[in-house]
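Worksheet: the structure to be examined is printed underneath.
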Amino acid sequence: MRNYLCIFILTASIFSCKTSKVAKNLVIDDKIEMESPTDSVSFEIDEIFSLLAYSIVYNYWDPIDRGGRGYNVGCILVDSNNVVLDYGINHVSELENATQHGEVRLITNYLNKEGIYSLNDHSIYSTLEPCAMCGGMMTMVSIVKSVNGQPDYYFSKALERLSFDSRSMGGYGPYPRIVKSVDTPSQFGKILDEEYKKYISSGNKPIITKFLTTSIAESIYQQATQDFLSYTPVFIENQKVYENALKFYQELPDQPK
Ligand SMILES: [Zn+2]
């Protein structure tokens, strides 16, 4: 009963903030800095692709923490023309292999399939902030941007650490090929983060992948999928981007690869 009440409250809160689909302003150093129209268009593109990534994970939702396919984490690869090329989803349980994160599978499968060496100017949209293994792999194949659908607090800030310059403190310079790491502009990133914090404060262990098997997390992903399927782009130039993303979703295989 308590779970159903939580889902009802959560669904109501999602609907109540649905109108702010694309942020118009950024608050930087207590000043309001207006975004340029190009920023807004690109924020909406990031929102559309984040919604697609959530929808793919929901499509293959695994209710079991360990013993099924894997964690409810996935990602998509997008080229510089905003075409979705491929997706990856976590398979650590099915393959009994801790390296089988969505990003690892996406990058290796796509490079092997296309017979190419690297992914210059491509972006990856992950439903969860990438770990050190996946961030390292993104760096080595020259991914330009990682858009993260939910912050992690345990295996966090991998890409930020690789770009950090601590030479003035006797440390190390930034790693080559810095990958820009940004939070998703989608409201679902914040909702997932808030619900995860509540999950921890209720006495649960801080294991984000366990949270991602709860009915609360599943209901957020379900709502993100509904938003994706009924999305109307604010900017006309993003209509084609959305239509192609929707087509990619509709052509997903029955079984996740
Ligand atoms: Zn990873």
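The values are calculated or read from the model by the stated rules, or taken from the named source; none is laboratory data. As the structure is a prediction and not an experimental result, all values here were calculated from the model. Here the Cβ is made from the backbone with ideal geometry for all residues, glycine too, and neighbour counts use every protein chain on show. Ligands, DNA and RNA are stripped out before the accessible areas are found, and what is left, the full protein with its side chains, is counted by its heavy atoms. Shrake-Rupley method; radii C 1.70, N 1.55, O 1.52, S 1.80 Å.
Here is how the numbers come out for the structure above:
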quantity: Which listed residue, of T225, T209, is assigned to a helix (DSSP H, G or I) and either touching a Lys or Arg at 6+ places or on another chain (Cβ under 8 Å) or crowded, with 19+ Cβ neighbours inside 10 Å (or both); calculated: T225
quantity: Condition broken by K157, with the remaining ones in (1) within 11 Å of the ligand (Cβ to nearest atom); (2) over 13 Å from I208 (Cβ atoms) satisfied; calculated: (1)
quantity: Residues that are within 11 Å of the ligand (Cβ to nearest atom) and free of Cβ contacts under 8 Å to residues at least 12 places away in the same chain, drawn from region 91-133; calculated: A98
quantity: Region 78-100 - residue that is touching a Gly at 6+ places or on another chain (Cβ under 8 Å) and under 17 Å from S126 (Cβ atoms) and, of those, surrounded by the fewest Cβ atoms within 10 Å (Cβ to Cβ); calculated: V92
quantity: Subset of region 236-257 (residues that are surrounded by fewer than 16 Cβ atoms within 10 Å (Cβ to Cβ) and in a loop (DSSP other than H, G, I, E, B)); calculated: E251, L252, P253, D254, Q255, K257
quantity: Residue list for region 144-164, filter: without any contact (Cβ under 8 Å) to a residue 40 or more places away in the chain and open to solvent by 70 Å² or more (accessible area, probe 1.4 Å); calculated: F155, K157, R161, F164
quantity: Positions within region 48-60 being open to solvent by 10 Å² or more (accessible area, probe 1.4 Å) and outside any loop (DSSP other than H, G, I, E, B), in sequence order; calculated: Y58, N59
quantity: Within region 61-90, considering residues that are within 16 Å of the ligand (Cβ to nearest atom) and in a strand (DSSP E or B), the one farthest from E237 (Cα to Cα); calculated: I89
quantity: Residue under evaluation D152, criteria (1) touching a Gly at 6+ places or on another chain (Cβ under 8 Å); (2) within 14 Å of the ligand (Cβ to nearest atom); (3) acidic (D, E), criterion not met; calculated: (1)
quantity: In region 182-206, the residues that are free of Cβ contacts under 8 Å to residues at least 12 places away in the same chain and over 23 Å from K145 (Cβ atoms); calculated: E194, K197, K198, I200, S201, S202, G203, N204, K205
quantity: Single match in V179, V141 (criterion: touching a residue at least 12 places away in the same chain (Cβ under 8 Å), within 16 Å of the ligand (Cβ to nearest atom), crowded, with 17+ Cβ neighbours inside 10 Å and more than 18 Å from the chain's Cα centre (by Cα)); calculated: V141
